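Report on the structure given below.
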Amino acid sequence: MPEEQTQTIMAVDELQAIIERCQILEEADFRGEDYDLFQVAGQKCLEDGYAAQLLEVIQNVKNKVIIKNMGWNLISPLVRCILAYKKEDEKREHCLKILDQLVQLCNPKELFLGLLEQIEQTAGEQVCQTIMLLLQPLQTVLLKLQNKKAYSVGLSLAIIMNQLTPLPVPYTKQQIQEDKLGLCQCCNAVVDFAKPFVNEVVKNMEKSSEFNDTELKEELLKFCMKNLKYPLLTAQLDQLEGIEEHPFRHLAAEIIEILLDMRELMPLVFLHHKSRRSYWENQEFEDIERKNSADSLACLSYLVFVQHFGINCFPMVFSSSYLLQCNMTHIEVLLKRTEESMLSKGLDLFESCLLRMEDNGLLHQYLEFREFINVPQDLVKVMTLCPIEHLRKKSLSILQLFIDKFEAEGKYTLFRCLLKTSNHAGVEGYIIKNIKDQIHLSLTKAHDNIWFTGHHLISLLDLVLLLPEGAETDLLQNSDRIMASLNLLRYLVIKDCESDNQTGVWTALAKIEKNFLKPLHVGLNMSKAHYEAEIKNKKENGREAHSSNTICSLTVSGEKMPAMTTEMRLQVLHSALFTFDLIESVLARVEELIEVKVKAVMDENI
């Protein structure tokens, strides 16, 4: 007889011997040694492919008490074998039947711990496979438990989610269709696993309006919040062509349905500012929980107000400005993230709220809320720092949308804030162009707008018509702002007659010349002289002129440029000079217009 077959028969014989010895013992007389011997022999049978013999032993009614006490020890080797066999393998079917028998026969408490331990120990590509395999057995065992059910359900869901969270979330259409690790399928299966416990909570709530047993409900609520943060916050949730049932949209719909059934959707969306009871004495843990909760609630608002999950259950009584106010905290959370999936959700949520509103209707008092100041500043950071072009463009269009929604005083206050905080010449130039548009509306409308004429406007122009560092200002870096300021001043001089002086610009002319025009002249002369000297130096340097391919470095506007040839460097220097010439020509035109207007008034007086 071959040695391998002899060893296998020995393993089966050893198992049978242990079984026969334990059959004559009372349950209370089982020793630790018996458990160990049973586990080793059972594992050997499984590993050697004799699952059929092991199944016979387990199905034998005489062994019921033994399996009840010792069977749970077989979970670990059993799972390893099931995952190792191919689906069509008969041995895998035997292993699955053994698992089913263990679920029916074993002590629920011990089997519960054995199943959780197996889920907790799995890693890598087998995480989703293991969870999917053990969800049904775990659900059956949990439904049998009488004591501490809420705790056990919560522990199960927490361990499962902790195992899933490190896995990468499929984002593109191809990744979702492939579902390489099985995450899409697994996440939806876990929700199905939780449904009997949700139904239990709902039944209890229906029986009594004063439902007091909130422990299970609290655990299920935590589970929903975890799903909102992972995978839904990271997932691509737009409907994708070619995917009949988007797995993450399905998951989102299921989570919203659970929250609706437990009557938690409305409180979470509208009463999020009411703090929930903290379970942590450690401040660091409490901060982590608060951040996780903020991420989850932000995702929930995105699902409701952008993807419209559960929106039909909302009463149509909330004003668009109130909905914006409720969502600004969530928008702020999302815009502070750098991941494309989260940034795009923040921009979509902001845009969705703004599109519900009419232009010029948002009261300036909303800017007293911290989020209404922070969010546009975050938008500016996305516009200027985000490496993803389509998100930069979208953030700019949303900033304009946000500006358009405010009434005049709100626009005025927002402009002042952004001019002081943006620290970006391009953004400042954009705001100055908006100021010009508002002045134009004020001058062309039948009724006066006090915020963009008179002393209010002069106060705003003090922030616009100046050089941040006087004549020493880097004119190249601030060229967008300077050009916008000059164009605004040119418009004011043309549009507002000195005799009318609606804008107050003629009264403030001396201050404008002192703080803006004269320092700009000096700065231009200094900058042009510096760059002309650089060009001359390059051309006169015989060694460098001999080879236009010499690699060198160049610093422009305080930033070191990539290594470039001498010819490329000269092009950059000439481009800077062109910018200075452009600024100088507009400056000359502004001063010419001022001179003509002042002379005309003097002639009229004479």
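Of all residues in the stretch 226-239, one or more are open to solvent by 50 Å² or more (accessible area, probe 1.4 Å), farther than 15 Å from Phe309 by Cβ, in contact with a helix residue (DSSP H, G or I) (Cβ under 8 Å, 6 or more places away or on another chain) and part of a helix (DSSP H, G or I). Scanning the stretch 47-69 for residues that are at pLDDT 80 or above and closer than 21 Å to Leu113 by Cα turns up Ile58, Lys64, Lys68.
For beta carbons closer than 6 Å, sequence separation of 6+ or different chains, a first residue in the stretch 340-359 that is farther than 14 Å from Leu324 by Cβ and a second that is of a type in the set (Phe, Trp, Tyr), the qualifying pairs are Lys345/Tyr302.
Quick grid of which residues meet (1) open to solvent by less than 50 Å² (accessible area, probe 1.4 Å); (2) assigned to a helix (DSSP H, G or I); (3) under 19 Å from Pro519 (Cβ atoms):
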| position | (1), (2), (3) |
| --- | --- |
| Glu567 | no, yes, no |
| Leu570 | yes, yes, no |
| Leu573 | yes, yes, no |
| Phe578 | no, yes, no |
| Ile583 | yes, yes, yes |
| Arg589 | no, yes, yes |
| Ala600 | no, yes, no |
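Here His273, His250 are screened, and the one residue that is open to solvent by 40 Å² or more (accessible area, probe 1.4 Å) and modelled with pLDDT under 90 is His273.
The values are calculated or read from the model by the stated rules, or taken from the named source; none is laboratory data. In this text the structure is predicted, and so the values were computed from the model without any measurement. Quick reminder, even Gly has a Cβ in these numbers, built from the backbone with ideal geometry, and neighbours come from all protein chains shown. Heavy atoms of the whole protein, side chains included, go into the accessibility calculation; ligands, DNA and RNA do not. Shrake-Rupley method; radii C 1.70, N 1.55, O 1.52, S 1.80 Å.
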